[in-house]
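**Q** Pasting in a structure now, in structure tokens, and then I'll have a few things to ask.
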Amino acid sequence: MTTDLVLPVLRVRGLRKHFILHNVDGRRVDALHGIDLDVLPGEHLALAGSSGAGKSTLLRCIYRTYLPSEGEVHLRLTTGHEVDLATLSDAEMAGVRGSELGYVSQFLRAEPRRGPLDIVARAGVARGMDLSDARDAAAIALKRLNIDEALWDVYATVLSGGEKQRVNLAAGTISPPRLLLLDEPVSALDPSNREAALDLIADLTSHGVGVLAVFHDLEAMERLATRVVLMADGLISAQGPPTQILSTLTGVSR
Amino acid sequence: MTSHSPMERAPWVLKVENLGKVFGPMDSDVLAETGPEIGTSKSSRTGTVVAAWDVNFEVAAGEALGVIGESGSGKSTVMRAIAGDHEASHGAVWLRTRKGDVVNVAAIPDSARRALRVDELAVVYQDAAEGLDLGVTAGGNVADRLTAAGWRNFAEIRHRAAHLLGRTEVPLERMDDIVRQFSGGMRQRVQLAKALANNPPIVLFDEPTTGLDASVAAGVLDLIRDLLTELGIAAVVVSHDFSVIEMLTTRCIVMHHGRVVEEGLTDQLLEDPLHPYSQRLVAAART
Amino acid sequence: MTLTHDSTTSQQSRLEQLCPPTPRAGLIDDFAQREIRRAILTAIAIPGYQVPFGSREMPVARGWGSGGLQITLALAQSHDVIKVIDQGDDEGVNAVNLRRLICETTGATETSEPAEATLIQSRHRIPEDELRQDQILILQVPVPEPLRGVERDMRELARMHAEADYSKMWVSLYEDKVRNGVITRTTGYPCLVNGRYVIATTPIPRWDVPRLHQAPFLTLFGAGREKRIYAVPPRTDVEPLTFTDVPFEVESTPGARCHRCRSEDSFLVEIPGPQSQWICSDTDWCRRERLSKEAQI
């Protein structure tokens, strides 16, 4: 292993986020109160905590779907350089998304008139794969996630929630980015499909992808996480190995 | 460490710089008397209308930038100033041509501007009658751009027109039909084929699906998005409709009373709008 | 020279008693002559450009050759020899009237022989004979604007010419070819003059269009109703607009030959009737053809 592995792929420092709701009397809502966090390559860092603790907000601030109010979000690029996602220009941020930084939510943003194979392959093309490679990789991913081949060219809008979620995961993990943000990516899956999805995610970390994930169940965290960060009220309240943190959590996360 | 971006960024092909369009007498106070804070783009003292002011953005090849706002916000003014349909009164619209020249669209003669419209910059209008000759066949409309660019071989013109119409999903058996007989959605597809005729590096979309039935609009949007990703063109999409902006663009600016009130990544503007007006606009779109 | 009439001497003397001959004033004064000549000079200087001029009332209706007539009157002097043809025919009523009018008001001499003429005014044809550089061809133009069919807005027309933006014309040729399989335009075929302006070659048929290209003679186009004069100077390129893979073709009817002179290589027109019969459109050329063939026998 090279020294590159020990340098974090993500360094979050003093990250704060508040919202001003101009439509509700200018009310201020503080969501993150200063987050410090590192993710190493090949590390699976699970965010735990009750709902409203700020887990999804943190992911969105890193992906810049929310604009950080304060603090730094350093991403180490493939080139070895670090960039601060909090201050990167919009155009540069758009360029970082994709090959460097990926985000998979629990919802597939339904694209009209497109089938699963097409959706996943296009995600690969968007990350720089050529079309035939992307189609091959997409077929492998869909097979792995138990998407019936008969559905590959059916418009995704008619798929079930679980099927959509798996298509979404396949699209988000084809030609994987250096850092992958996961927001409840298997919430709608039945046990056997969930198993396949978790297996896929475990594979990514073993290949050096840094993962920062929110799962709603402890079992997934236990299975995948190399480290767990516990959040409460927009702050990190504890972090450590899964066995240590999760044992304190029974009944909290669910 | 992050002051110099280590990322390779494609150079801009379209750069709008301090663009302004003012109707009426201009003095130093007019700007303070207009804008989002005042709630109007018209000075009550002089009657001057500041249709657009201090608009800045860059678009690179393969990028799509959205301009969103209500009617009267100045978004169409910006579009028409870039297209050269109207002259800007302030600022510059820089275009990097395929030959690598940089020209200010706002400062060249009309004839030079029209020449740019042949193969450097195309516009897809809301009203197909603006972009098409309705009395001419679908193929003839494409031929118009090709012959303007110097195509003189009939078979080649026909072949290229058929290819483009096929690409924009116009049934080939309708290639020789007069466009006036076409439905709204089909006219937009012909407009797209015509706009793409000479592979322009820049395409402007002015409310490309407004007025179409929802299902037809969805199909046209889908086609536009495909073309944008496939052809690597620099696009500016002007719309009042967030769903259009969301589907086609990665970045956008929000205009209100002639000024840019916010700019950002499109998903950020939708999920975390900062300006009061953006929040109102998003709230309205989400209900 | 005065024309002879078939009237009897007694009738003539009676007429002279009632209406004694007085010298007719010229139809256009010096001022008008100068204005038209200036327009002509401008037209020659900018080949194919339509020069506006102050078209006068003529003793012929507009649309009956008033534009060509004004050019001829502005150029003709007493030493000139005038040939006027209508549809290729020197004896057409309109041709006779115009010729008589021109000669009586300018003192010029009339002829039907192209070789003798200094000025040839024509509707529809260029004489079959090769014209020389000391001769001027004057065409009576009904619609001078080649883009009229594709654009109505006058300002837009002016812009299109100014910027040599002829894509709409190309589209109309494209549409013609798509709809009809061939380019069907007969008279007024659009041509690019000197690589710059598109002109309507109206009133001449396609047959005569190639004869304008690099012609030794000056051609002047006069449109009285539309108040425009344009020119193709000697030795100027005149290229019919056509696609590179759709060759420009002139009218031809396979197997047709002139019923009178047996010619196959002249411009023929069909005589209406039960069976198809063709004759030369250029009647004077046809007459001389017949004479030379008879002489050979």
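**Q** Find the centroid of the Cα atoms in the stretch C:213-252 and in the stretch C:111-147, then give the distance between the two in whole Å.
**A** Taking the Cα centre of each part, the stretch C:213-252 and the stretch C:111-147 sit 12 Å apart.
**Q** Sticking with this structure for a sec: How big, on average over all directions, is the shadow cast by the Cα convex hull of the stretch A:51-123, in nm²? List each step's numbers first, then the result.
**A** Values: hull surface 26.1 nm².
Over all viewing directions, the stretch A:51-123 projects a mean Cα-hull area of 6.5 nm².
**Q** Roughly speaking, what is the centre-to-centre gap between the stretch A:112-176 and the stretch B:54-130 when only Cα atoms are used, to the nearest Å?
**A** So the separation of the two Cα centres works out to 37 Å.
**Q** Going by alpha carbons, how many degrees (0 to 90, nearest 10) lie between the helix axis of B:138-148 and the longest principal axis of chain B?
**A** 70 degrees
**Q** Sum up the charges of everything whose Cβ sits under 15 Å from the Cβ of residue C:51, counting Lys and Arg as +1 and Asp and Glu as -1, but leave residue C:51 out. Mind showing how you got there, number by number?
**A** Numbers: positive: C:34, C:37, C:38, C:196, C:227, C:228; negative: C:35, C:145, C:226.
Net local charge, residue C:51 excluded: +3.
**Q** Please report, as a whole percent, how much of the solvent-accessible surface of the protein assembly as shown comes from carbon and sulfur atoms (probe radius 1.4 Å).
**A** On the way: 18820 of 36930 Å².
Roughly 51 percent of what the probe reaches on the protein assembly as shown is carbon or sulfur.
**Q** Assuming a ≥ b ≥ c are the square roots of the Cα gyration tensor eigenvalues, decide whether the protein assembly as shown counts as rounded (a/c under 1.5), prolate (otherwise, with a/b larger than b/c) or oblate.
**A** Numbers: a/c = 4.04, a/b = 2.66, b/c = 1.52.
Prolate shape, in that a/c is at least 1.5 and a/b is the bigger ratio.
**Q** Residues of the stretch C:20-142: accessible area per residue at 1.4 Å, in Å²? Mind showing how you got there, number by number?
**A** On the way: 5450 Å² over 123 residues.
With all protein chains present, the stretch C:20-142 gives 44 Å² per residue.
**Q** Just the Cα atoms of the stretch A:1-82: what Rg and Dmax do they give in Å?
**A** 14.9, 55
**Q** Restricted to Cα positions, what overall size does the stretch B:175-287 have along the principal axes? Three whole-Å values, descending.
**A** So the extents along the principal axes, rounded to whole Å, are 51, 29, 24.
**Q** Quick check: convex hull of the Cα atoms in the stretch B:10-130, volume per residue, rounded to a whole Å³?
**A** Working: hull volume 15.7 nm³, N = 121.
Value for the stretch B:10-130: 130 Å³ per residue.
**Q** With every protein chain left in place, what is the accessible area per residue of the stretch B:175-287 in square angstrom, probe 1.4 Å? Working shown, then result.
**A** Numbers: 3670 Å² over 113 residues.
Spelled out: the 1.4 Å probe surface of the stretch B:175-287, per residue, equals 32 Å².
**Q** Counting helices only, and only those DSSP H runs with n ≥ 4, report the 222 nm mean residue ellipticity of chain B as the sum of -39,500 (n - 2.57) divided by its residues, in deg cm²/dmol to the nearest 500.
**A** Numbers: 10 runs with 102 residues, N = 287.
Per the formula, -10500 deg cm²/dmol.
**Q** 5 Å is the cut-off here: which amide hydrogens, built 1.01 Å from N in the peptide plane, fall below it relative to residue A:82, excluding neighbours closer than 5 in sequence?
**A** Hits under the 5 Å cutoff: A:77.
**Q** Expressed as a whole number of Å, what is the distance separating the alpha-carbon centroids of the stretch C:37-68 and the stretch C:179-202?
**A** Taking the Cα centre of the stretch C:37-68 as reference, the centre of the stretch C:179-202 is 21 Å away.
**Q** May I pose another question? For the pairing of chain C with chain B, what total accessible surface becomes buried, with a 1.4 angstrom probe, in square angstrom to the nearest 100?
**A** In total, this chain pair buries about 1500 Å².
**Q** Same structure again: Just tell me which lysines come within less than 29 Å, Cα to Cα, of residue A:164; anything on the same chain fewer than 8 places away is out.
**A** Answer for residue A:164, where 29 Å is the Cα cut-off: A:55, A:143, listed by chain and number.
**Q** Here is a further query. Determine the order of C:293, B:194, A:143 by accessible area, beginning with the largest, at a probe radius of 1.4 Å. List each step's numbers first, then the result.
**A** Numbers: C:293 70, B:194 30, A:143 125 Å².
Solvent-accessible surface, decreasing: A:143, C:293, B:194.
**Q** A follow-up question, please. Greater than 21 Å separation of Cα atoms is the criterion. Which listed pairs, B:15/C:168; C:177/C:227; B:194/C:168, meet it? Walk me through the numbers on the way to the answer.
**A** Details: B:15/C:168 31 Å; C:177/C:227 32 Å; B:194/C:168 14 Å.
Cα-Cα > 21 Å for B:15/C:168; C:177/C:227; rest within.
**Q** Same structure again: Where in chain B is the longest stretch that carries no GluC sites (Glu not before Pro) classed as loop by DSSP and with at most 11 other Cβ atoms within 10 Å? Please report the intermediate quantities before stating the final value.
**A** On the way: sites that count: B:8, B:37.
Excluding the exposed sites themselves, the longest stretch runs over B:38-287.
**Q** Once both axes come from the Cα atoms, what is the angle between helix A:116-126 and the longest principal axis of chain A, in degrees from 0 to 90, rounded to 10?
**A** So the helix axis and the longest Cα principal axis differ by about 60 degrees.
**Q** Continuing with this model, one more query. Report the semi-axes of the equivalent ellipsoid for chain A in whole Å, largest first, where each axis is √(5λ) for an eigenvalue λ of the Cα gyration tensor. Show your work: numbers first, answer last.
**A** Values: eigenvalues 159, 88, 79 Å².
Semi-axis lengths for chain A are 28, 21, 20 Å.
**Q** Would you look at the GNM of chain C, springs on alpha carbons closer than 10 Å, and say which of C:99, C:132, C:228 moves the most?
**A** Largest GNM mean-square fluctuation: C:132.
**Q** Can you list the residues in the stretch A:67-86 whose accessible area drops by at least 20 Å² when all protein chains are present, compared with the chain alone? Use a 1.4 Å probe, heavy atoms only.
**A** Residues passing the criterion (a loss of at least 20 Å², heavy atoms only) are A:67, A:77, A:81, A:82, A:83.
**Q** Something else now. To the nearest 10 degrees, how steep is helix B:214-231 against the longest Cα principal axis of chain B, on a 0 to 90 scale?
**A** For helix B:214-231, the angle is close to 90 degrees.
**Q** Before I look further, what does the stretch A:120-254 give for accessible area per residue, probe 1.4 Å, in whole square angstrom? Walk me through the intermediate numbers first.
**A** Numbers: 5880 Å² over 135 residues.
Per-residue accessible area for the stretch A:120-254 comes out at 44 Å².
**Q** Put +1 on the Cβ of every Lys and Arg and -1 on every Asp and Glu Cβ in chain B; which of B:236, B:210, B:149 then has its Cα farthest towards the positive end of the dipole?
**A** Checked the options; the winner is B:149.
The values are calculated or read from the model by the stated rules, or taken from the named source; none is laboratory data. From a predicted model like this one, the values you see are computed outputs, not experimental measurements. Note that we place each Cβ from the backbone using ideal geometry, even for glycine, and neighbour counts take in every protein chain shown. For accessibility, only protein heavy atoms count, side chains too; no ligands or nucleic acids. Shrake-Rupley method; radii C 1.70, N 1.55, O 1.52, S 1.80 Å.
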